[in-house]
Amino acid sequence: PAFRRFQREFLLGYLPALAADWLQGPLLFQLLQSRGFLRSQIAALYSCGFASNVAFGLVSSIFVDRLGRKKSCVLSSGLCSVSCLLQLSQDFLALAAGRVLAGLGTSLLFSAFESWYIHEHLERHDFPAEWIPNTFSRVALWNSGLAVAAGLVAELVAEGVALGPVAPFLVAIPFLALSGIFAGKNWDENYGKSRSCSKACGEGLRGLLSDPQALLLGLVQALVESILLIFAFLWTPVLEPHGIPLGIAFSGFMAASAAGSALFRRGITGRLRLQPL
């Protein structure tokens, strides 16, 4: 019972932030296009978000450990909220700043929350490490459902509100506020080991170079992610001329992704006993 209460407390803080992140995906290209920007300018705005995510990702773990993981979770919600508000602007630089903040907030979203949970699970509550996958399997299940729902909600509010494609970004703000306030009021703070940036990056680089399989896995993952990011930029201009509702299409992509994950898990644990290479 104590573990279930702790798990529920984590999910109530984490899932609204994930929902807000998904809401910002379906209509971003359409929003920037409605501002009158050229395809090359939209590509530059996308790149601002990707570049800030990559650059901050190199030091995000050190930053989170020093600032405090709970504070980092709250900061993530704040940065993403400001980013959503900046989408109301027509100015290119303001929108670029919004994409940079979104990249920073997303980097914290996918590092601080999980780091906070693992420390609390093992150090403060002394629960068995074998229970950690139970929590993250629940997160994965909920995350798939939230992704599918986000596309439907984005399409609904964009069509039903006069604000158009910026509406999902405004809908995301209450979810971000809920996540930040809940974490700030109900979670305890914890910190990681204090390390210099150069030492941490050096350890990571030496680890990659000393293990060819880890290096190969990283390269394959980087290539897969690059394909997904290119797809994220191209799918809207390909489908929009055909009159396909973008939010519905997004939900379809997310449902297919969830189905693929389910089939993979069934393949490696069921009768087929498939083994990843």
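For CYS80, the conditions (1) under 14 Å from the mean Cα position of the chain (by Cα); (2) surrounded by fewer than 18 Cβ atoms within 10 Å (Cβ to Cβ); (3) of a type outside the set (Lys, Arg); (4) modelled with pLDDT of 95 or more all hold with the exception of (2). Within segment 29-54, the set of residues being within 27 Å of SER144 (Cα to Cα) and touching a Gly at 6+ places or on another chain (Cβ under 9 Å) comprises GLN30, LEU31, LEU45, CYS48, GLY49, PHE50, ALA51, SER52, ASN53, VAL54.
Yes or no, residue by residue, for (1) of a type in the set (Phe, Trp, Tyr); (2) modelled with pLDDT under 90; (3) loosely packed, with under 14 Cβ neighbours inside 10 Å:
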residue: GLY180; (1), (2), (3): no, no, no
residue: SER194; (1), (2), (3): no, yes, yes
residue: SER198; (1), (2), (3): no, yes, yes
residue: PRO212; (1), (2), (3): no, yes, yes
residue: LEU223; (1), (2), (3): no, no, yes
residue: ALA259; (1), (2), (3): no, no, yes
residue: ARG265; (1), (2), (3): no, yes, yes
residue: ILE268; (1), (2), (3): no, yes, yes
residue: LEU277; (1), (2), (3): no, yes, yes
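When each of GLY207, GLY164 is tested for being small (Gly, Ala, Ser), without any contact (Cβ under 8 Å) to a residue 60 or more places away in the chain and over 30 Å from GLN7 (Cα atoms), the lone residue that passes is GLY207. Residues in segment 83-109 that are among the polar types (S, T, N, Q) and part of a helix (DSSP H, G or I) were compared, and the one that is surrounded by the fewest Cβ atoms within 10 Å (Cβ to Cβ) is THR106.
Given the structure, is VAL157 open to solvent by less than 40 Å² (accessible area, probe 1.4 Å), free of Cβ contacts under 8 Å to residues at least 24 places away in the same chain and within 19 Å of PHE250 (Cβ to Cβ)? Here the answer is yes, as VAL157 does meet what is asked.
The values are calculated or read from the model by the stated rules, or taken from the named source; none is laboratory data. Because the structure is predicted, anything quoted here is derived from the model rather than measured. Every residue, glycine as well, gets a Cβ built from its backbone with ideal geometry; the counts of neighbours run over all protein chains shown. Side chains included, ligands, DNA and RNA excluded: accessible areas come from the protein's heavy atoms. Shrake-Rupley method; radii C 1.70, N 1.55, O 1.52, S 1.80 Å.
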